[in-house]
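The values are calculated or read from the model by the stated rules, or taken from the named source; none is laboratory data. Since the model is a prediction, treat every value here as computed from it, not as a measurement. Note that we place each Cβ from the backbone using ideal geometry, even for glycine, and neighbour counts take in every protein chain shown.
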Amino acid sequence: MITVTDRRVHKEVSPRRLRKLRVSMITVMPGAEFIESVEELRALAPVATAPIRHHVFVCTGKSCSARDSAEVKDAFERELKARGILFGKEAKGKNPKGTVIVTECASVGFCAIGAAVMVYPDGVWYAQVRASDVREIIEEHLLNGRRVERLALMNVPAEGLAQPSEKNADWEA
């Protein structure tokens, strides 16, 4: 068995499956495998060719969990699925051509005011998000490009310094 994780099915990939996908492996150091071809990588990771516009991270760390972050994540998945824009396998009710990915993550550093939600590539960090806020974040931010100011803690742009939202301009770290 070659130790390669096929993240689509969360298991080790058998040599037979690798041959079926025509994946050629090279060893870059003893015990480590490396896929050379970008096309082969895309065959193993369909997200690489999906028309993704937003990646939503929902913190499910200890403190955010105490603030119902699992319900927030579920609400994102439910609402995005209903709109047909949640990326994923059709067999799971998702859209392989969906434009939004939802990922749970561990603590991002402000869980005391969670549930925390980050939206990329926009770099908007939302705080105190509840399941009842999810529809507004989807409609305003993801679909119309306007961040939800009442929940926006800060904006982390790709270039430059972090910028506090207008409402929270006087906050100190």
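For the reader, a short list of remarks on this structure follows.
- Tally of residues being over 18 Å from Ser132 (Cβ atoms) and not in a helix (DSSP H, G or I) across segment 34-59: 12
- Sub-9 Å Cβ pairs linking a first residue in segment 93-104 that is not assigned by TED's automatic domain parsing to the domain that holds Phe76 to a second residue that is among the polar types (S, T, N, Q), at least 6 apart or interchain, number zero.
- Residue selected from segment 118-132 under the condition aromatic (Phe, Trp, Tyr) and surrounded by 20 or more Cβ atoms within 10 Å (Cβ to Cβ), by the criterion farthest from Phe76 (Cα to Cα): Trp125
- Residue, farthest from the chain's Cα centre (by Cα), within segment 98-116, restricted to residues that are loosely packed, with under 13 Cβ neighbours inside 10 Å and assigned to a loop (DSSP other than H, G, I, E, B): Gly109
- Members of segment 117-140 found to be assigned to a helix (DSSP H, G or I), farther than 10 Å from Leu151 by Cα and of a type in the set (Asp, Glu), listed by number: Glu136, Glu139, Glu140
- Condition broken by Ile113, with the remaining ones in (1) within 22 Å of Ala82 (Cβ to Cβ); (2) of a type in the set (A, V, I, L, M, F, W, C); (3) at pLDDT below 95 satisfied: (1)
- Residue within segment 144-155 that is surrounded by fewer than 15 Cβ atoms within 10 Å (Cβ to Cβ), modelled with pLDDT of 85 or more and of a type in the set (Lys, Arg) present: yes
- Sole exception among (1) in contact with a Pro (Cβ under 7 Å, 6 or more places away or on another chain); (2) closer than 18 Å to Asn155 by Cβ for Lys89, by number: (2)
- Any chance Ser65 is surrounded by fewer than 18 Cβ atoms within 10 Å (Cβ to Cβ), assigned by TED's automatic domain parsing to the domain that holds Ile113 and not aliphatic (A, V, I, L, M): yes
- Residue within segment 15-31 that is touching a helix residue (DSSP H, G or I) at 6+ places or on another chain (Cβ under 8 Å), modelled with pLDDT under 90 and within 30 Å of Ser107 (Cβ to Cβ) present: no
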